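Note sheet for the following structure.
Nothing in this text is a laboratory measurement; each read-out follows from the coordinates by a stated rule. Owing to the predicted nature of the structure, the values given are computational and were not obtained by experimental measurement. Heads up, the Cβs are rebuilt from the backbone with ideal geometry, glycines too, and the neighbour counts pull from every protein chain shown.
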Amino acid sequence: MCLGIPVKVRKILGSMADVETGGVTRQASIALVEDVRVGDFVILHAGFAIQKVDEQDAIETLRLLEEIGICNL
Amino acid sequence: MQFVDEFCSPGLAKGLVEAINGLVDRVDRVDRMDKKIVLMEVCGTHTVSIFRHGIRNLLAPSIRLVSGPGCPVCVTDAWDIDSALWLSMQKDVILATFGDMIRVPGSQAQKGEGANSLERQRVGGADIRVVYSVLDALDIARNNPTKRVVFLGIGFETTAPSIALGIRLAKEQGLDNFFVYSCHKLIPPAMKALLESGEVRIDGFICPGHVSTIIGAKPYEFIAEQYHIPCVITGFEPVDILQAILMLVKARDRARIGGQCPPYNKDQARVEIQYSRAVKPEGNVVAQQILAEVFEPTDAAWRGIGVIPDSGLKIRQEYSQFDANMAFEIPQTHIETNLSGCICGKILRGIAVPLDCSLFGKGCSPEEPIGACMVSSEGTCAAYYKYVRYE
Ligand code: SF4
């Protein structure tokens, strides 16, 4: 039940936003997260954005993981 | 970059599996002992992901993954379901709930005395509506001014801030026909209760990613400090989970350097964040503030576990006009649950697996669930039924 999915913010109207994932757009509240901007990724849970996804961090994690793979070859 | 496919990469997963198993193999050889590394995933979403991606089968046999009490549906006490059933029968009431709750049995489940789940109650004529978000329930209240709308507040720290915000919005908008029956539960007190019980040995916690987006890392620190068990806050894709397992195996390895094995160098345990793309060490402060403004901690009953101190959330005095417990005289007669044979409680405490239950697949299935662990798709019994029944 704590399922959350990363969605992309397409449009912001006050505390609500149009968010999109896999070509499907829906409305979500962004009232629980500060500084949400169009183009950001947020984690969507039960109709609310609960946190922003840090894209740089994700890239860095993936880079580190690739290194683990290489070290184990 | 969608942050899903990348963290499902078979290449990355393979590298991680080799790293984990290589390290475990080395530790096993040094230790020369047949001791399992027991890692508990607290969250039901992790349980499902671990099964769906076959992660258990990839790991060295000495790593054992056990499931904990992390499914809000599964841990909702039968007494709370009874109260929800009672509420749905009151005059002019519309009960709004997340869909997950609709089939959970109340205390009279096996006795066949009338309706015993919200789904059955609805067939019997009660106005019960499945909503996607608390905002939908507010809409229902706005559109039905002559009715009283009761929202069944279920969920952990992930969900509770949105319900808190819903209550604040109701106050701001002067909605006087909106109420919340709060069954919210908090994860760290449940982890503490598990550890205090001493029933299960745990060498590391795979901590819930989305609960932690809200609460951050600090609420788990007592586990590392007082119980010396490493914790890793973990995302939900297979690569996330494997990376977390590697971090926990490494933490164990680190702890034994220079020390006897076991006991470990206890002060080494700490809380780490694997899911750093979505979890900040301090969590989501805005969500924490709204949560604390509307709710306060209270003792709560967990199905199969019992009452855990300060593990639930009740609506504060300032917002008590929205508290269903205040607005309705809910009968307080607690009927003993009689689910003979169901061992959900032991499963939620990590001391039994569904295969130990004599009803598993024989009388209890997702179509005809007996216990809550089989009702919820994130329940351990449902996950076993779907993924390991034929192994
Ligand atoms: S299989 Fe069914 S009866 Fe057995 S523990 Fe799980 S939910 Fe309860």
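For each of B:T380, B:T45, B:T298, A:T25, count neighbouring Cβ atoms within 10 Å of the residue's Cβ, then give the residues from fewest to most. Intermediate values should be presented prior to the final figure.
Details: B:T380 29, B:T45 22, B:T298 15, A:T25 12.
In increasing order of surrounding Cβ atoms, one gets A:T25, B:T298, B:T45, B:T380.
Over 10 Å intervals from 0, what percent of Cα-Cα pairs in the protein assembly as shown sits in each interval?
Result, from short to long distances: 4, 20, 30, 27, 14, 4, 1, 0 percent.
In which sequence would B:S62, B:S88, B:S182 go, from the one with the fewest C-beta neighbours within 10 Å to the one with the most? Don't jump to the answer; show the numbers that get you there.
Details: B:S62 18, B:S88 22, B:S182 28.
So the residues, fewest neighbours to most, are B:S62, B:S88, B:S182.
Exactly which GluC sites (Glu not before Pro) in chain A are in a DSSP loop and have at most 12 other Cβ atoms within 10 Å? If you can, show how the numbers build up before the last one.
On the way: sites: A:E20, A:E34, A:E55, A:E60, A:E66, A:E67; in loops: A:E34.
Answer by residue number: A:E34.
With both bridge residues required to lie in chain B, what share of the DSSP beta bridges run antiparallel, to the nearest 5%?
Around 25 percent of the beta bridges assigned by DSSP in chain B are antiparallel ones.
Please turn the phi angles of region B:61-77 into ³J(HN,Hα) values with the Karplus equation 6.51 cos²θ - 1.76 cosθ + 1.60 (θ = phi - 60°), one per residue in order, whole Hz, x for glycine and proline.
Values per residue, Gly and Pro as x: x, 7, 9, 10, 9, 10, 8, x, x, x, 10, x, 5, 5, 8, 5, 5 Hz.
I need the shape label for chain B. Rule: rounded when a/c is under 1.5, else prolate if a/b > b/c, else oblate, with a, b, c from the alpha carbon gyration tensor. Walk me through the intermediate numbers first.
Numbers: a/c = 2.07, a/b = 1.62, b/c = 1.28.
In terms of gyration-tensor shape, prolate.
Treating each Cα of region B:89-171 as an identical point scatterer and ignoring solvent, apply the Debye formula and state log10 I(q)/I(0) at q = 0.17 Å⁻¹.
Per q value, in the given order, log10 I(q)/I(0) is -0.72.
What are the extents of the Cα atoms of region B:344-387 along their three principal axes, listed from largest to smallest and rounded to whole Å?
Principal extents (largest minus smallest coordinate, Cα): 25, 20, 18 Å.
Using Cα atoms only, what is the angle between the long axis of helix B:238-256 and the major principal axis of chain B, expressed in degrees (0 to 90) to the nearest 10?
Helix B:238-256 sits at roughly 50 degrees to that axis.
Let's test this: bin the Cα-Cα distances of chain A at 5 Å from zero up to the farthest pair and state each bin's percent.
Pair shares across the bins are 3, 17, 25, 18, 12, 9, 8, 5, 3, 1, 0.
Compute the helix-to-body angle for B:187-197: its Cα long axis versus the longest principal axis of chain B, expressed 0 to 90° and rounded to tens.
Roughly 60 degrees, rounded to the nearest 10.
Among B:C381, B:C342, B:C183, rank each residue by its count of other Cβ atoms within 10 Å, from fewest to most, as a rough exposure measure.
On the way: B:C381 31, B:C342 27, B:C183 24.
Listing B:C381, B:C342, B:C183 from fewest to most nearby Cβ atoms yields B:C183, B:C342, B:C381.
Please report, in whole Å³, the volume per residue of the convex hull around the C-alpha atoms of region B:79-225. Can you show the working numbers first?
Numbers: hull volume 19.2 nm³, N = 147.
Roughly 131 Å³ of hull volume per residue.
How many partner chain Cβ atoms sit within 10 Å of a residue's Cβ in peptide A:55-62, on average, as a whole number?
Numbers: counts 3, 1, 7, 9, 4, 2, 12, 8.
Taking the mean over all residues of the peptide, I get 6.
Can you give the translational diffusion coefficient of region B:155-309 in µm²/s, computed by Stokes-Einstein from the Kirkwood radius over Cα pairs at 10 °C and 1.306 mPa s? Could the numbers behind the result be given before it?
On the way: Rh = 17.1 Å.
Taking Rh from Cα pairs, D becomes 93 µm²/s.
Explain nothing, just the number: relative contact order of chain B, from Cα pairs under 8 Å at least 6 residues apart, as a whole percent.
After rounding, I find 21 percent.
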